[in-house]
Amino acid sequence: MAGIKLLSSLVIGLCAYYFYSTETITPEMVKGKRVLVTGSSTGIGEQVAYKFSEMGAHVVLTARRAKQLEEVANKCMELGAASAHYVVSDMGNLTSAQNVAQEAIEKLGGLDYLVLNHVGGGGSFGSFQGDMKAVLSSNNVNFLSYIQLTSTALKALLESQGSIVVMSSLSGRIGAPFTTSYCAAKFALEGFYSSLRREFILNKNNVSVTVAVLGYIDTESAVKKVGDKVTMSASPKEECADEVVKAAVLRQPELFYPFWGIKPFVLLRDWAPTLMGKILDKFYVLDNIQ
C-alpha cells in the first residue's frame, strides 16, 4: 500500500510539473505591471528584475548597496523597463522594510507583484553553537521582514488582485544540517504563506501566492558560502529567475527549481525519510565544515 501511495504521489507531481512547464508567458501579460523586487542588487533578485524589465514592467529595486542598485536600475531601463527606481534598505530593520513597501507603492501608484527574495542575517554555514543572536538576526531578515513587507503591501495587492512571490528553499521543506537558523526561517515562511494562500482562496481575494522552492543556485553569496562544503552542482541564476517569473505570472502556487534536484526529495520526505536523509547527507564535505 505504501508503495502504491508513493507511486501515486510521484505521478501526480510529474503530471503537475508537465502541465506547468508547457505553459508560456508573453510580454503583454507583464507590460505596465508594477513590481517590487527585494534583494535585487545581485543574484536571483537582480535577474528577476531584468526579466520583468524585458517585458516592460515598472520595477522598484531594494537592497543595502546603493551603487549596485543604481547599476541594476540603469540596466533595467536599457532592457525595456517602463520605469526603474531603487530604495536602499536594510531588511534587518523592520521599520526600514515597512518604508520600502510604502515608498514603492507611492512611486508606482500601486503594486502588482511583490517579489520577496532577500536573504541575510547572522550565522555561518556550520554546526549550531547555541548562538541566539544569530538565530534572532536570521529570523528578522529571512522571516519577519517578509511578513512586514507583505503586511504593508497587502492593501495595494488586494486592490490590484496581484501576486506575492516568496523565495524559499529545499531547506524550508526538509531539515538541513549546518544552516539551522536559515532553515528555521524558511520553514516559518512556508507555513505563513501557505496559510495566507488558503485564506485568500477562502475569502475569495484574488491575490496569488507563489512559493519558489529552490536548490543550490550559482549566486555569488551562495557559492562563496558553501561552494567548498557541498559536492552538488549549482544551477544557473538566470534560468532560475526565468522560472520564478514564469511561475509568478502564471500564478502557480509552487515552483521547484531545479525540478529534478528538488521534487524527488520532497516526495521522499514523508514516504522514505531515512533513505532521503542518507542520500542528502552524502552531498556534504564534512572536513570543510566547522
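Within the stretch 154-169, the residues that satisfy the criterion of being in a helix (DSSP H, G or I) and out of contact with any Lys or Arg (no Cβ under 9 Å at 6 or more places or on another chain) are 154, 155, 157, 158, 159. Looking at the stretch 134-157, can you tell me whether even one residue there is charged (D, E, K, R) and either open to solvent by 50 Å² or more (accessible area, probe 1.4 Å) or within 16 Å of residue 251 (Cα to Cα) (or both)? Yes, that holds for at least one residue.
Note on the stretch 246-290: among residues that are surrounded by fewer than 17 Cβ atoms within 10 Å (Cβ to Cβ) and small (Gly, Ala, Ser), the one that is nearest to residue 25 (Cα to Cα) is 261. Only one of the numbered conditions (1) over 24 Å from residue 152 (Cα atoms); (2) open to solvent by less than 30 Å² (accessible area, probe 1.4 Å) is violated by residue 67, and that is (2). Residue 242 satisfies every condition listed in (1) open to solvent by 30 Å² or more (accessible area, probe 1.4 Å); (2) farther than 25 Å from residue 57 by Cα; (3) under 13 Å from the mean Cα position of the chain (by Cα) except (2).
Among strands (runs of 3 or more DSSP E) entirely within the stretch 14-120, having at least 1 residues that are closer than 24 Å to residue 243 by Cα, in contact (Cβ under 8 Å) with a residue 12 or more places away in the chain and in contact with an Asp or Glu (Cβ under 6 Å, 6 or more places away or on another chain) singles out 34-38.
The values are calculated or read from the model by the stated rules, or taken from the named source; none is laboratory data. All values reported here derive from a predicted model rather than from experimental measurement. All Cβ positions, even for glycine, are placed from backbone atoms using ideal geometry, and neighbour counts span all protein chains on display. For accessibility, only protein heavy atoms count, side chains too; no ligands or nucleic acids. Shrake-Rupley method; radii C 1.70, N 1.55, O 1.52, S 1.80 Å.
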